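Have a look at the structure below, then the notes.
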């Protein structure tokens, strides 16, 4: 079985996911083309036309719909002989794109692919696709539909996470992200975004609030309290978890992932394809895995996905150097640490989505790219990126640097 | 059933006249309608069609008896298919069709009107319009979920269809359920005028370029509405309101398709729902059961003045309800001061009803004026009947009964509002025990529909008739039972409370008990109910319900011990804010001391908690039937729903057994008896039914 290697990885900075966001006036294909062009500039992958460009996109509708990958290829002016396709598993779409690309390489059905992701949450809101989940009353009864924020507060309630626990975690995410930016730890991957006239739109993560303290965060209102108490969802989750007397609404805009626009892309292929392009493999994709659980509690599957992924790689939690656990909500990472016993010194060491934002379909690629950069920077070897996923799923990918050392 | 006459000028008049007091749309009617519509549509001389009724109302809905007799979704579809076809042919026949709504049009009757191009109603204040099916656990099945939202929008239609809300003529006009209102005498003329002016009438949704008014299910706003509506229903009724779920589903999927496809989606869900256990339980209890439990005695002039002894919550509630029914009331309290307090409480109650718009100020004043309060039994001398509602203790009640016996006219009926004490033992205080009857009211009396009437061995026909007459005047639904400790309702509720407190004693957190019960559809959980009852009072009730020897339902119960421990620790219940829960402004939280007071020997699985709470009630109800306290299962099921908030979709403790199957319940009960105590041993009657494959309810 051929190994699947990562040769390079780029991402856009993350723009605020609202009308005032720096990327809002662009189109998703602009972001898709930006990362594809940057990746091509750095690797010249288009000289040996990749088998496919696979983009993750959480809500592939409207301007993000109808195959944003192939559209982005053409918009980027890459050869029209490069195909494109999209995958969607909500928050893990990007990581699924990576895993799908790796699987094709491992299966011997492709020797070079681009995996990436795009999401412009400023124009397509989360769950903007529609679908039975949330909309179809019969399905909602069957699947015990729970909105994301309610599930996060339910997880916090069941785990006993207090408001100060989650705020402390969020403050740490902000501090780590600020430190990472100021030390230039993202410089290798982040490519600035320009508009059609070459005007710079954004060159830094716009959502961040460096200097945020736990005290600042404590002042924010609970984001999902009204939905839970007045909208009825507290009662709904108590039907599934009767041990809950009262849902603790601890999550706020400050300790939940930021709503942002962004894109990322990564070049994946065989060792031979790398040689053809004159590229040194940076890491090998050792294993990946999915997990699923009760869709009501929804957000606790990353630990299972990680355990399964590591078992496949013949590794244990102890001999993984770094973890990127998507900060969908602070409780998700706190729960992951409790379940796995992995300490915060190995998790999200450069901050995460609470500080920098979570562009749904692109995040998985960004996490893996960040992980790879940090492994290289610190001379470490192995890492896992994992995300929780809507409707109760989790996806994890394990990578190892090639040749060890830098 | 439906006849055709000529209104002149080529306008055909279809007149509905089915058997019975109102027009009920049976399968036979539906076929007759379809045949007639085929005939008229084929008649080129017809220029327009008016549909009206020969009865006082236009038409009520479909025939519930037929729906109940149906066994499969295909049976249901066969009933509605000709009706649906007839309506579609009418609205697409190329000639104007007008509904002449001479009176009330509900359910299928209103759906027929929706299939007309114009709905003109006679100006009658007593007529109502709409789709009330959800009230019986059903949904509109003749196009109502598709045509109404295409007329007034998804959200407006949902607001009416989900709760089964009907509108009077003025409100129906305003909401767009009818297009015009004219004086009754001009109804047919208004219809023919409209036909003359609109020769090419079509339905708006059959025209090119038509768009759905209001929210579209395939927009963010439309989806947001559907999600929110689902959550509100789900929060209130857990997953027990299958009708609401189905209605939202057909609005969603029907409105994003053509009318014909939408109706196919509606029919599929309607047919599924109509034969579902939940809908059948609702129909049985809410329609057939409450009808059977309505007092058959009409009030007459033999009961004009009643005496009520005791001015507490129950006494004032009874006095209020009696005065509201137009009776003159003598309310007796122990002192002038207490009598005045009681009067104040009644006046406040009337005032609240004025505030809610249920009484006018004049009516409230007249109501209070009908009540005389006194500290003397002399006030009862001219009463036709008395109801005592004093403290629940044999000696206290017997003292009052003796005084009434002395003060009242010989032979006047004396009733006790006891909830547990056998009437026979109270009646020993009277010279003539045959004048004694039990009238167990539920709090708050002015709200609760149920009245449990207890007939002791000695109770005379006259006393029983008097009790029923009062019930009829107060518009109560009655359950007549025979004498025994706790009668029927208190007996079953006590077994439930006892099991709830036994679970607490075994270390099950109170919110688990409450959440599992509300999830099953109960209005309130056993833990919160214990706090509301007050811990010491519940202890007294369960102690007295244990009677001389421990009845089966109390064997192995840890409730009384647990309640005594709580009482000793000062955990009195809701009134002090400290019971099984701590009560604060922002809600109730389980008392943290419970875990130490009642350490869990082992964890009781949630499934066992749930089945213990449900099976307990069913077993005790069967024992009450077996003992002869309860006369029939249907009245026991109706009383459970109306009396203690038993989930109507489960149909009551007897229907619950039918739903699960007697033999499965017997197996479950035996397993519970092995695991948790002999109180779960199934009674012989149930074992026999399991063996014979019997059910409590045939339909």
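Quick look at the numbers
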| read-out | value |
| --- | --- |
| Count of segment A:222-231 residues which are surrounded by 20 or more Cβ atoms within 10 Å (Cβ to Cβ) and facing another protein chain (nearest Cβ under 10 Å) | 1 |
| Hits in segment B:241-262 (condition: over 27 Å from residue B:650 (Cβ atoms) and more than 8 Å from chain A (Cβ to nearest Cβ)) | B:254, B:255, B:256, B:257, B:258, B:259, B:260, B:261, B:262 |
| Selection from segment B:215-240 of residues that are facing chain A (nearest Cβ under 7 Å), assigned to a helix (DSSP H, G or I) and over 16 Å from residue A:237 (Cα atoms) | B:220, B:223, B:226 |
| Only listed residue being in contact (Cβ under 8 Å) with a residue 24 or more places away in the chain and either closer than 15 Å to residue A:360 by Cα or in a strand (DSSP E or B) (or both), chosen from A:36, A:31 | A:31 |
| In segment B:325-352, the residues that are touching a residue at least 24 places away in the same chain (Cβ under 8 Å) and either in contact with a helix residue (DSSP H, G or I) (Cβ under 6 Å, 6 or more places away or on another chain) or in a strand (DSSP E or B) (or both) | B:325, B:328, B:329, B:330, B:331, B:332, B:333, B:342, B:345, B:346, B:349, B:350 |
| Residue match in segment A:236-253 (condition: in contact with a strand residue (DSSP E or B) (Cβ under 6 Å, 6 or more places away or on another chain), closer than 30 Å to residue A:41 by Cα and either within 14 Å of chain B (Cβ to nearest Cβ) or outside any helix (DSSP H, G or I) (or both)) | no |
| Residue list for segment B:28-44, restricted to those being outside any helix (DSSP H, G or I) and either surrounded by 13 or more Cβ atoms within 10 Å (Cβ to Cβ) or touching a residue at least 24 places away in the same chain (Cβ under 8 Å) (or both) | B:43 |
| Filter result (within 23 Å of residue A:350 (Cβ to Cβ) and buried (at least 20 other Cβ atoms within 10 Å of the Cβ)) within segment A:155-171 | A:161, A:166, A:167, A:169, A:170, A:171 |
| Near pairs, Cβ below 7 angstrom, 6+ apart or cross-chain, from segment B:595-624 (within 14 Å of chain A (Cβ to nearest Cβ) and under 24 Å from residue B:552 (Cβ atoms)) to any residue that is in a loop (DSSP other than H, G, I, E, B) and at pLDDT 95 or above | B:604/B:506; B:604/B:508; B:609/B:508 |
| Flag for residue B:547 being at pLDDT below 95, over 30 Å from residue B:323 (Cβ atoms), surrounded by fewer than 22 Cβ atoms within 10 Å (Cβ to Cβ) and touching a strand residue (DSSP E or B) at 6+ places or on another chain (Cβ under 9 Å) | no |
| So residue B:520, is it over 30 Å from residue B:682 (Cβ atoms) and either within 14 Å of chain A (Cβ to nearest Cβ) or more than 30 Å from the chain's Cα centre (by Cα) (or both) | no |
| Subset of segment B:649-676 (residues that are crowded, with 16+ Cβ neighbours inside 10 Å and either on the phi > 0 side of the Ramachandran plot or outside any helix (DSSP H, G or I) (or both)) | B:651, B:652 |
| When residues of segment A:126-144 are limited to those that are at the interface with another protein chain (Cβ under 7 Å from one of its Cβ atoms), on the phi < 0 side of the Ramachandran plot and not in a helix (DSSP H, G or I), the one nearest to the chain's Cα centre (by Cα) | A:128 |
| Residue satisfying condition, being in contact with a strand residue (DSSP E or B) (Cβ under 9 Å, 6 or more places away or on another chain), in a helix (DSSP H, G or I) and either within 14 Å of chain A (Cβ to nearest Cβ) or touching a residue at least 24 places away in the same chain (Cβ under 8 Å) (or both), within set B:532, B:563 | B:532 |
| Looking only at segment B:567-594, and only at residues there that are within 12 Å of residue B:531 (Cα to Cα) and part of a strand (DSSP E or B), the one that is farthest from the other protein chains (Cβ to nearest Cβ) | B:573 |
| Residue list for segment B:304-324, filter: touching a helix residue (DSSP H, G or I) at 6+ places or on another chain (Cβ under 9 Å), part of a loop (DSSP other than H, G, I, E, B) and surrounded by fewer than 22 Cβ atoms within 10 Å (Cβ to Cβ) | B:312 |
| Conditions (1) more than 9 Å from chain A (Cβ to nearest Cβ); (2) part of a helix (DSSP H, G or I); (3) in contact with a helix residue (DSSP H, G or I) (Cβ under 9 Å, 6 or more places away or on another chain); (4) under 23 Å from residue B:175 (Cα atoms): number failed by residue B:191 | (3) |
| Total residues in segment A:185-196, condition assigned to a loop (DSSP other than H, G, I, E, B) and either in contact with a strand residue (DSSP E or B) (Cβ under 9 Å, 6 or more places away or on another chain) or buried (at least 19 other Cβ atoms within 10 Å of the Cβ) (or both) | 7 |
| Within segment A:197-221, tally of residues that are part of a loop (DSSP other than H, G, I, E, B), surrounded by fewer than 19 Cβ atoms within 10 Å (Cβ to Cβ) and touching a residue at least 12 places away in the same chain (Cβ under 8 Å) | 8 |
| Some residue of segment B:551-560 being over 22 Å from residue B:392 (Cβ atoms) and under 31 Å from the mean Cα position of the chain (by Cα) | yes |
| Every residue from segment B:281-293 that is in contact (Cβ under 8 Å) with a residue 12 or more places away in the chain and either under 13 Å from the mean Cα position of the chain (by Cα) or crowded, with 24+ Cβ neighbours inside 10 Å (or both) | B:281, B:282, B:283, B:284, B:285, B:286, B:287, B:288, B:289, B:290, B:293 |
| Test: residue in segment B:201-214 that is closer than 16 Å to residue B:150 by Cα, within 14 Å of chain A (Cβ to nearest Cβ) and not in a helix (DSSP H, G or I) | no |
| The listed residue being buried (at least 18 other Cβ atoms within 10 Å of the Cβ) and free of Cβ contacts under 8 Å to residues at least 60 places away in the same chain, out of B:231, B:238, B:246 | B:231 |
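For every residue, the table says whether it meets (1) in a helix (DSSP H, G or I); (2) within 14 Å of chain A (Cβ to nearest Cβ).
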position	(1), (2)
B:498	yes, no
B:511	yes, yes
B:524	no, yes
B:539	yes, no
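Rundown of residues vs (1) under 18 Å from residue B:118 (Cβ atoms); (2) touching a helix residue (DSSP H, G or I) at 6+ places or on another chain (Cβ under 6 Å); (3) not assigned by TED's automatic domain parsing to the domain that holds residue B:264, yes/no style:
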position: B:25; (1), (2), (3): no, yes, no
position: B:33; (1), (2), (3): no, yes, no
position: B:44; (1), (2), (3): no, no, no
position: B:49; (1), (2), (3): yes, no, no
position: B:57; (1), (2), (3): no, no, no
position: B:73; (1), (2), (3): no, yes, no
position: B:78; (1), (2), (3): no, no, no
position: B:86; (1), (2), (3): yes, yes, no
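The values are calculated or read from the model by the stated rules, or taken from the named source; none is laboratory data. Small disclaimer: the values here were computed from a predicted structure and weren't measured. All Cβ positions, even for glycine, are placed from backbone atoms using ideal geometry, and neighbour counts span all protein chains on display.
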